[in-house]
Amino acid sequence: MIEYYYLLSSLRTLNFYEEPPLPYPEFLEQCTAWLSCRDLLQLQLAKIDIENILSEKVENDLLNRWISFENTLRNELVKIRSKTLQIPEETYLRLEFDFDPSARSLVHQAIETMSPYEAEVELLKIRWDFLTHHEAGHSFDLTAVIVYGLKLQLMGRMQDFEEAKGEKILEYFIESVHSSIQDLG
């Protein structure tokens, strides 16, 4: 097993509630100098957006667990939202990777007791905690690099919740609705 002592010891410690110390693309670029081609491919597959991950290419155990955990979270969100919107859930479920029962109750706790913003932050924290739990015993190996990359992506997602960005997005949608209404009239 290849160990990545220098790479991982040169990176700053990550904290969920802080800004990321570097952008994810910069992290990937740093990793190209240190990781083997095979390990770099595994790192590139490690995404918080799991839609396009080809499971047959995943060799890392943590990455397989991540895909299962993330799919379970998303499937539970589909079930909750489909009831609210009164649409069939079957169209959106991805059952081929839905194997993590621990995720189910966590999603319900986050969604039922909080505002949409707080629920989204709590879901990101649930993902963070999953990664923290599974990085135990992996100080300088590929799994530690993958966890760092996924956590960096989660931190980047948290940055997307800035108030100014949210206001701009809301203004854009309001303008779109107004222009759609005017086009109808």
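The values are calculated or read from the model by the stated rules, or taken from the named source; none is laboratory data. What you see is a predicted model; the values in this text were computed from it and never measured. Cβ coordinates were reconstructed from backbone atoms using ideal geometry, including for glycine residues, and neighbour counts include every protein chain displayed.
Look through the range 146-167, keep the residues that are of a type in the set (K, R) and modelled with pLDDT of 75 or more, and return whichever of them is surrounded by the most Cβ atoms within 10 Å (Cβ to Cβ).
Step one: filter the range 146-167 for residues of a type in the set (K, R), giving 151, 157, 165.
Narrowing the set further to residues that are modelled with pLDDT of 75 or more leaves 151, 157.
Details: K151: 20, R157: 17.
Step by step, filter the range 146-167, then rank; the result is K151.
Restricting attention to the range 21-34, does a residue exist that is over 17 Å from L150 (Cα atoms), modelled with pLDDT of 80 or more, surrounded by 15 or more Cβ atoms within 10 Å (Cβ to Cβ) and not β-branched (V, I, T)? I'd like the intermediate steps shown before the answer.
Filtering the range 21-34 down to residues over 17 Å from L150 (Cα atoms) leaves 33-34.
With modelled with pLDDT of 80 or more added as a condition, the list becomes 33-34.
If we keep only those that are surrounded by 15 or more Cβ atoms within 10 Å (Cβ to Cβ) as well, we get 34.
When the remaining residues are screened for being not β-branched (V, I, T), the result is 34.
Scanning the range 21-34, I find at least one residue that is over 17 Å from L150 (Cα atoms), modelled with pLDDT of 80 or more, surrounded by 15 or more Cβ atoms within 10 Å (Cβ to Cβ) and not β-branched (V, I, T), so the answer is yes.
Quick check: is even one residue across the range 47-54 of a type outside the set (G, A, S), more than 17 Å from R127 (Cβ to Cβ) and at pLDDT 90 or above?
As a first pass, look at the range 47-54 and keep what is of a type outside the set (G, A, S): 47-54.
Now restrict to residues that are more than 17 Å from R127 (Cβ to Cβ): 52, 54.
Within this subset, residues satisfying the condition of being at pLDDT 90 or above are none.
Checked the range 47-54: no residue is of a type outside the set (G, A, S), more than 17 Å from R127 (Cβ to Cβ) and at pLDDT 90 or above.
Mind checking which residues of the range 108-131 are more than 22 Å from N15 (Cα to Cα) and either of a type in the set (A, V, I, L, M) or in contact with a His (Cβ under 7 Å, 6 or more places away or on another chain) (or both)?
So the first thing to find is which residues in the range 108-131 are more than 22 Å from N15 (Cα to Cα), and the list is 108-109, 111-116.
Hits for the range 108-131 are I111, M114.
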